[in-house]
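> This is the structure I want to talk about, given as structure tokens.
The values are calculated or read from the model by the stated rules, or taken from the named source; none is laboratory data. Everything numeric in this text was worked out from a predicted model, so none of it was measured. For neighbour counting, all protein chains shown are included, and Cβ atoms are generated from backbone atoms with ideal geometry for every residue, glycine included. Note: areas computed on protein heavy atoms with side chains; ligands, DNA, RNA excluded. Shrake-Rupley method; radii C 1.70, N 1.55, O 1.52, S 1.80 Å.
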Amino acid sequence: METNDKIFKLKGKVFHYTWGGYEFLPALLGVNNIDHKPFAEYWMGAHPLAPSELITRDGMVSLYSFIKEDPDQVISEKVFNRFGELPYLFKVLDVKNILSIQVHPDKEEAEKGFEREEAAGIPINAPYRNYKDKNHKPEMLVALSEFWLLHGFKESSVIEKTLEEVPEFNVLLPFFRREGLKALYRFVMEMEQPEINYMLTNLIKREIRRKNDQELSRDMPGWWVAKLFDNKNEIGDIDKAVFSIYFFNIVHLQPGEGAFQGAGIPHAYMEGQCVELMANSDNVLRAGLTPKHIDVPELMKHTLFESIVPDILTGKEILPGEKIYHCPAADFGIAKIDITASVAYSSRASSLEIFVTVDGGALVNNTLVLKRGEAFAVFAGASYTIEASGNCTMFKAFVPAV
């Protein structure tokens, strides 16, 4: 690698999970979705499962391979000495249907869990494995559209009011008052399927009717519960995660607003498009709404059973056209870059930086032309200037100073 080869266009990987939409990502990436596949996630990074490729003079080269070959030049010596890899994974998501309700472990517990499953001889790709690596997985999202998610438990008084107002939940009220939030959640998560069906079937039918009659709005749990049964002819077995929709905060983000998901915070994305930045990990403990592995005891062990008042982040302007969102994680940082004909953006990368263009087009160092949906990588130490003839919006992933 020559020292002047420090800025490359980057091609990520698409994941076709069933919860994804059919139009947003294909339009963003300039792909004709003739097979009508769901386009859920677009990954940009060096995760071994799906490393991005750099477009070089010698053809397509894996970013993962580039980092392995010369980590100090690509991600910086400081970042490599601390993390041993590119510590983040950058994504664009299109959420059409609610994702699995999940919790992520902290770093110490992830290391313990990984070693425990390794010692037990569980294959790394086993579908029933919880810990695929030793890393934690904090996440930061910034909305590209109106975006809806579940985030942490409601205040106790609000949960108590929910148990009072939902007839099917009345039986749980004395137990909650006596035993508290953790015991309540454990109780509903450990219920047998016949009991869940018995408790929730009439509730589901009522919410479906209310949604059809336009009595519900998206800020109400019933709207999302009813959406789970859109286009279904029968209710069947009811997912226990329905309880979580009533017990968790429903958060509504406007474009440009963000939210951080730390270790132990139960959460689920429900609808909309966003950019997401996370630690380079695949450790997820799931509570439901998924065909993937669910481990309730492990989930309970790592869940933060505290009431959360969601902190909606709007970013802080650091330079003209640049807003940085506060991420309480050393692994990554994220910035929103708005460039106009009169406002260019110049900087010097202290780590590997990945940009994705979400609106408009731009020119980097008078040589690299970017259009909407395209991404590029800047190696550590490279200086750059981004200009545009009109309005252009990009998001930048980076590693904060180490």
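> Longer than 30 Å from Cα to Cα, which of Lys78/Lys154; Lys161/Lys323; Lys112/Lys240; Lys137/Lys227; Lys227/Lys396; Lys78/Lys182 are they? Say none if no pair is. Write out the running numbers ahead of the final one.
Values: Lys78/Lys154 40 Å; Lys161/Lys323 39 Å; Lys112/Lys240 28 Å; Lys137/Lys227 28 Å; Lys227/Lys396 34 Å; Lys78/Lys182 41 Å.
Cα-Cα > 30 Å for Lys78/Lys154; Lys161/Lys323; Lys227/Lys396; Lys78/Lys182; rest within.
> Same structure again: Taking the full set of protein chains and a 1.4 angstrom probe, give the accessible area of Glu317 in square angstrom, rounded to the nearest 10.
Around 120 Å² of this residue is reachable by solvent.
> Below 8 Å, C-alpha to C-alpha, sequence gap of six or more: please give me the relative contact order for the chain in percent.
Numbers: 896 pairs, mean separation 89.1, N = 402.
The normalised contact order for the chain reaches 22 percent.
> State whether the stretch 123-183 is rounded, prolate or oblate according to the following rule on the C-alpha gyration tensor (a ≥ b ≥ c being the square roots of its eigenvalues): a/c under 1.5 gives rounded; otherwise a/b larger than b/c gives prolate, and the remaining case gives oblate. Present the calculation step by step, with values, prior to reporting the outcome.
Details: a/c = 2.86, a/b = 1.60, b/c = 1.78.
It is oblate, given that a/c is not under 1.5 and a/b is not larger than b/c.
> What are the ³J(HN,Hα) values, in whole Hz, obtained from phi via the Karplus relation 6.51 cos²θ - 1.76 cosθ + 1.60 with θ = phi - 60°, for each residue of the stretch 70-75 in sequence order, with x given for Gly and Pro?
Calculated HN-Hα couplings, in order: 8, x, 5, 6, 8, 9 Hz.
> Using only the heavy atoms of the protein chains and a 1.4 Å probe, how would Val14, Val74 rank by accessible area, largest first?
On the way: Val14 50, Val74 0 Å².
Largest accessible area first, the residues go Val14, Val74.
> Next question. For the chain, build the charge dipole from Cβ charges (+1 Lys, Arg; -1 Asp, Glu) around the Cα centre, then report which of Ser100, Ser307, Ile339 sits farthest towards its positive end.
Ile339
> Could you tell me which label, among (i) 20.8; (ii) 23.1; (iii) 22.5, carries the value of Kirkwood radius over Cα pairs in Å calculated for this structure?
Given (i) 20.8; (ii) 23.1; (iii) 22.5, the structure-derived one carries the label (iii).
> For the chain, give the percent of accessible area contributed by carbon and sulfur heavy atoms, probe 1.4 Å, rounded to a whole number.
Values: 8760 of 17980 Å².
That fraction is 49 percent.
> For the chain, set up a Gaussian network in which alpha carbons nearer than 10 Å are linked by springs, and say which option among Leu299, Leu172, Leu313 fluctuates the most.
Top of the fluctuation ranking is Leu172.
> Can you tell me the dipole magnitude for the stretch 275-402 around its Cα centre, using point charges on the Cβ only (Lys, Arg +1; Asp, Glu -1), in Debye to the nearest 20?
Working: 10 positive and 14 negative charges, 33 e Å.
In total the dipole reaches around 160 debye.
> I'd like the projected area of the stretch 280-402, averaged over all directions, using the convex hull of its alpha carbons. Report it in nm² with one decimal. Walk me through the intermediate numbers first.
Working: hull surface 41.2 nm².
Convex hull of Cα atoms, orientation-averaged projection: 10.3 nm².
> If you don't mind, another one. Is there a quick way to get the dipole size of the chain? I mean about its Cα centre, with the Cβ of Lys and Arg at +1 and of Asp and Glu at -1; what is the value in debye to the nearest 20?
On the way: 43 positive and 56 negative charges, 49 e Å.
The dipole of the chain has a size of about 240 debye.
> Next up: Between His293 and Glu317, what is the spin-label point distance in nm, taking each point 7 Å from the Cα along the Cα→C-beta axis?
Distance between label points: 4.8 nm.
> Farthest toward the dipole's positive end in the chain, which of Phe83, Asn366, Pro174, given Cβ charges of +1 (Lys, Arg) and -1 (Asp, Glu) about the Cα centre?
Result: Asn366.
> Here's something else I'd like to know. In the stretch 170-319, with Lys and Arg counted as +1 and Asp and Glu as -1 at Cβ, which of these residues, Val284, Leu200, Asn249, has the Cα nearest the positive end of the dipole, that is, farthest along it?
So the residue we want is Leu200.
> Same structure, new question: Using alpha carbons only, how many angstrom separate the centre of the stretch 42-93 from the centre of the stretch 311-349?
First find each Cα centre; the distance between them is then 21 Å.
> Oh, and also: Can you put Lys227, Lys68 in order of accessible area, largest first, using a 1.4 Å probe?
Greatest to least solvent exposure: Lys68, Lys227.
> Using a/c under 1.5 as the rounded threshold, could you call the stretch 1-138 rounded, prolate or oblate? The axes a ≥ b ≥ c are square roots of the C-alpha gyration tensor eigenvalues, and prolate needs a/b larger than b/c, oblate otherwise.
Values: a/c = 2.19, a/b = 1.03, b/c = 2.13.
Taking the square roots of the gyration eigenvalues as a ≥ b ≥ c, the stretch 1-138 is oblate.
> Rounded to the nearest 0.05, what FRET efficiency do Glu179 and Ile235 have when you use their Cβ-Cβ distance and R0 = 25 Å?
Details: r = 29 Å, r/R0 = 1.17.
Result of the calculation: an efficiency of 0.30.
> Could you tell me the center-to-center distance, by alpha carbons, between the stretch 220-252 and the stretch 160-218 in angstrom?
11 Å
> On to the next question. Could you list the square roots of 5 times each eigenvalue of the Cα gyration tensor of the stretch 296-364, that is, the equivalent ellipsoid semi-axes, sorted largest first and rounded to whole Å?
Values: eigenvalues 235, 43, 28 Å².
Ellipsoid half-lengths, sorted descending, are 34, 15, 12 Å.
> Now a separate question. For the chain, set up a Gaussian network in which alpha carbons nearer than 10 Å are linked by springs, and say which option among Val95, Val343, Val166 fluctuates the most.
Among Val95, Val343, Val166, the largest GNM mean-square fluctuation belongs to Val166.
> Which residue fluctuates most in the GNM of the chain (Cα springs below 10 Å): Val242, Val103, Val356?
In the Gaussian network model the winner is Val242.
> Oh, and also: Can you compute the radius of gyration and Dmax for the stretch 1-68, using only the Cα atoms, both in Å?
Rg and Dmax of the stretch 1-68, Cα atoms, are 14.2, 43 Å.
> Report, in debye and to the nearest 20, how large the dipole of the stretch 209-268 comes out about its Cα centre when Lys and Arg carry +1 and Asp and Glu carry -1 on their Cβ. Don't skip to the answer; put the middle values down first.
Values: 7 positive and 8 negative charges, 10 e Å.
Taking the Cα centre of the stretch 209-268 as origin, the dipole is about 40 debye.
> Go ahead and estimate [θ] at 222 nm for the chain from helices alone: -39,500 (n - 2.57) per DSSP H run with n ≥ 4, summed, over the residue count, rounded to 500.
On the way: 12 runs with 103 residues, N = 402.
After summing the helix terms and dividing by residue count, I get -7000 deg cm²/dmol.
> Also: What length, rounded to one decimal in nm, is gained on full extension from Gln193 through to Lys78, with 0.36 nm per residue of separation minus their alpha-carbon distance? Write down the numbers at each step before the final one.
Values: separation 115, 0.36 × 115 = 41.40 nm, distance 5.11 nm.
Extra length available between Gln193 and Lys78 comes to 36.3 nm.
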